[in-house]
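Inspection log for the structure reproduced underneath, given as structure tokens.
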Amino acid sequence: MKILVTVKRIPDPVEPPKFAGGQIDTSSAKWVQNEFDEYAIETALRLAEVGGGTERLAEVVVVSVCPATKREHVTNFLAMGANRAIVVDADDTQLDAQSVAQLIAAVFRKEGADLLVSGKLSQDNESNEVSQRVAGLLDLPQATFAASVVWDRSANALQVAREVEDGVETKRVPLPAVLSVDLRIVLPTSVKNGATPEGHPYPDKPRLASLRGITMAKTKKVDVLKPADLGVSVGAKVVSRGVVAPPKRQAGKIVASVEELVEKLATEAKVL
Amino acid sequence: MSNVLVVVEIGDGKLRAHSLPGITAGAQLAAALGGELHLLVLGAAPQAAAEGIAAAGYGAKTVHVGAHAELEPFTAEAWADAIVAAARSLGVAAIGGTATSTLRDALPRAAAVLDAPLAPEVTAIKGPRVFGREVSAGRAIAEIALEGDVVCFTARASEFAPAQPGAAATVAALAGISAAKRGATVLSIEKTQSARPALTEAKVVVSGGRGMREGANFKVLEELTDLLGGALGASRAATDAGMVPADLQVGQTGKVVAPNLYFAVAISGAIQHLAGMKNSKVIVAINKNGEEPIFQIADYGLVAKWEDTLPRLVELVRARKG
Ligand SMILES: Cc1cc2nc3c(=O)[nH]c(=O)nc-3n(C[C@H](O)[C@H](O)[C@H](O)COP(=O)(O)OP(=O)(O)OC[C@H]3O[C@@H](n4cnc5c(N)ncnc54)[C@H](O)[C@@H]3O)c2cc1C
Ligand SMILES: Nc1ncnc2c1ncn2[C@@H]1O[C@H](COP(=O)(O)O)[C@@H](O)[C@H]1O
């Protein structure tokens, strides 16, 4: 079993975006991993490991499309426990979702992987499309927005609870397949592989890299490929015409009591 | 061709209300492109529903019917097949619809097969292939132009008015649709049962956060919600903790709402939460800590514990509603 996990670098979402020349100015940004991809690597590791032991049921390979020189986010995922990494050396800020998806699909094929685990969404551009595109390009089944996943190893399939518009759908997909993960995949009992004991004390968030993990990461294999090595010619059919700050909302008033609140809502705001 | 195809969803044999804003966005795009609006209805036997939709028209020229056993229940795999087939046989310039979990699942997959660009969760139609959308948790508004013969879009429900009935449309069957689930099966769909309006359609939303502490405490918020005929919402902290179902989450990763009146009770106001409600007309924050960021965007703030204020609020609103 081989699991590919995608990770994208994004400007630190804690910092409000800066604007210059009618675009977002990332020249002084600190780049970090997309948080949904931390959930993806945590999912992959929980699928691959046997509850804290050293046995592994799957190899976990991290893939990122980014400049080869700007890959701290990849190193972080190796430190968390991925086995090795593949960096597709390209300026991700100049590519659209289709190009990124073509590159990831090509890596998936080249590796003969069984499962792609990705985040549901990039926190910066909020596209929510790369994973679905990869599944379409590979003609594989997909389970997006996963809130929990059970790996049925005897049937070589995943059973996935998906958060949909007005409830939860349970979908079963045979491997190979594409999985995209939502917030609740990192709750303690959300990922089951049939080998980790029930009740294994997983935290409710992605693991932190251990000191040993950080040291090990430096020794792990990272392959750097060019888009041309994968036979993909990249571009962008999505062109930015400009980015502006939204109109700022005025802070309103602090009311002293419930009585005043109701009075204001009725007579001033006229919404009651 | 410069026509726009909007994919709509049906439930209980009728158009689902959440598809209406996507039709409006499609109509605006068709006007910008100088083309016609067309609708696509998919299902195992959607003919009767399609006829009902065509009778109301919604500004569309034709309602196309894609019937295939594999299209029900919904899977992205089978729906993407049908959308690709429809796009090719109708030769449309754009395909889209409301940004529901359904289209956000299926449309990017179809777009990949069509080698088409996609504008996700657009908030405005700015020109023939030009869209406005929010990025970075609502802290920036981008304008993007898409290139290519076919482009795709999903429209944020809170930013487009529901389409209104109009002159009747014609109904046409799409011939020779193939659709396959690629081995996937839908085992169950557990719907959150609620008599309340849908979050994205409600005029009033009452949301609770981590400070509510447990699900049972939401009862007082539900009372307020029902007095106002609104919908119940929640922060991620409250949904993660299982206080209320996950589909009530408001925010960057949940529902985006813009009601006339939004109550944020015991919610701190993290950017990811604000991204889902900051376009509400009037925002009320009730929080015991006056320093929380929610007060920076609230029109009316009450610094108090919910335990000490919500019961009285319910009482006063009930008195007012007679
Ligand atoms: C990738 C990502 C996506 C996310 N997406 C979303 C999203 O879509 N929606 C979302 O909401 N969050 C989202 N979050 C989480 C977000 O960052 C916050 O963690 C979350 O919104 C906090 O929820 P909260 O305000 O209920 O809890 P807290 O931040 O813990 O706030 C609780 C509040 O309750 C108040 N309080 C406590 N007791 C009382 C009382 N008795 N009476 C009155 N007030 C009281 C406290 O003063 C505090 O302000 C996301 C996070 C990430 C990383
Ligand atoms: N440049 C990239 N390199 C690797 N993975 C990516 C890249 N861009 C997007 N992804 C993956 O696609 C997911 C969805 O992103 P998006 O469609 O941009 O919202 C992310 O969570 C990542 O896992």
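The values are calculated or read from the model by the stated rules, or taken from the named source; none is laboratory data. All figures in this text were calculated on a predicted structure; none of them were measured in a lab. Please note: Cβ atoms are built from the backbone with ideal geometry, for glycine as well, and neighbour counts cover all protein chains shown. Please note that ligands, DNA and RNA were not included when accessible areas were found on the heavy atoms of the full protein model with its side chains. Shrake-Rupley method; radii C 1.70, N 1.55, O 1.52, S 1.80 Å.
Quick notes
- The HN-Hα couplings worked out from phi for region A:104-114 by the Karplus form 6.51 cos²θ - 1.76 cosθ + 1.60 (θ = phi - 60°) are 5, 4, 5, 5, 4, 5, 4, 7, x, 6, 9 Hz, whole numbers, x standing for Gly and Pro.
- Across region B:232-322, Cα-Cα distances exceeding 16 Å account for 55% of all pairs.
- When B and A come together, around 6800 square angstrom of accessible surface is lost from both chains combined, probe 1.4 Å.
- For region A:1-91, average projected area of the Cα convex hull in nm²: 6.6
- Averaging over all projection directions, the Cα-based convex hull of region A:2-245 occupies 13.8 nm² in the image plane.
- Drop in accessible area of at least 30 Å² in the complex versus isolated chain, residues of region B:241-271, 1.4 Å probe: B:Ala246, B:Asp247, B:Gln252, B:Thr253, B:Lys255, B:Leu261
- What region B:183-312 shows is 40 Å² of accessible area per residue, with the surface traced by a 1.4 Å probe over protein heavy atoms.
- On a per residue basis, region A:18-111 carries 37 Å² of accessible surface, using protein heavy atoms and a 1.4 Å probe.
- Neighbour-limited loop hits for GluC sites (Glu not before Pro), region A:212-272 (at most 15 other Cβ within 10 Å; DSSP other than H, G, I, E, B): A:Glu268
- This model, with +1 at the C-beta of Lys and Arg and -1 at the C-beta of Asp and Glu, gives chain A a dipole about its Cα centre of some 640 debye.
- Reported value for chain B: 137 Å³ per residue, from the convex hull of its C-alpha atoms.
- Estimated 222 nm signal from helices in chain A, with DSSP H stretches of n ≥ 4 weighted -39500 (n - 2.57), rounded to 500: -7000 deg cm²/dmol
- Note on A:139-147: average number of Cβ atoms from other chains within 10 Å of each residue's Cβ is 5.
- Rh (Kirkwood; distinct C-alpha pairs) - region A:45-141, Å: 14.5
- Over the protein assembly as shown, equivalent-ellipsoid semi-axes from the Cα gyration tensor in Å: 36, 32, 24
- Shielding by partners - mean other protein chain Cβ count within 10 Å, residues of B:310-316: 3
- Rg/Rh (Cα only; Kirkwood hydrodynamic radius) as it applies to region B:67-125: 0.95
- Phi-based couplings in Hz for region A:74-85 (Karplus 6.51, -1.76, 1.60; Gly and Pro marked x): 6, 4, 4, 6, 5, 5, 6, x, 5, 6, 7, 9
- Long-range tail of P(r) for region B:4-173 (Cα pairs > 25 Å, %): 23
- Counts of other chain beta carbons within 10 angstrom of each beta carbon in peptide B:177-184 average 4.
- Under 5 Å from the amide H of A:Ala143 lie the amide H atoms of A:Val178, A:Leu179, A:Ser180, each residue being 5 or more positions distant or on a separate chain, with H modelled from the backbone and absent for Pro and chain starts.
- Region B:85-160 and region B:232-270 have their alpha-carbon centroids 25 Å apart.
- In the context of the full set of protein chains, region B:1-140 has a per residue accessible area of 28 Å² (1.4 Å probe).
- Euclidean distance of C-alpha centroids, region B:26-77 and region A:209-272, integer Å: 33
- Close amide H pairs (under 5 Å, H built 1.01 Å from N) link A:Phe19 with A:Asp25, residues at least 5 positions away or on another chain.
- Of the beta bridges in the protein assembly as shown, as assigned by DSSP with both residues counted there, near 35 percent are antiparallel.
- Part-to-part distance (alpha-carbon centres) for region A:22-57 and region A:148-186, which is given in Å: 18
- In chain A, the DSSP beta bridges split such that about 40 percent are antiparallel, to the nearest 5.
- Measuring heavy-atom accessible area with a 1.4 angstrom probe and counting protein chains only, the residues of region B:134-151 that give up at least 50 Å² relative to the chain alone are B:Ser136, B:Arg139, B:Ile141, B:Glu143, B:Ala145, B:Glu147.
- Of the solvent-accessible surface of the protein assembly as shown, computed with a 1.4 Å probe over protein heavy atoms with every protein chain present, carbon and sulfur atoms account for 52 percent.
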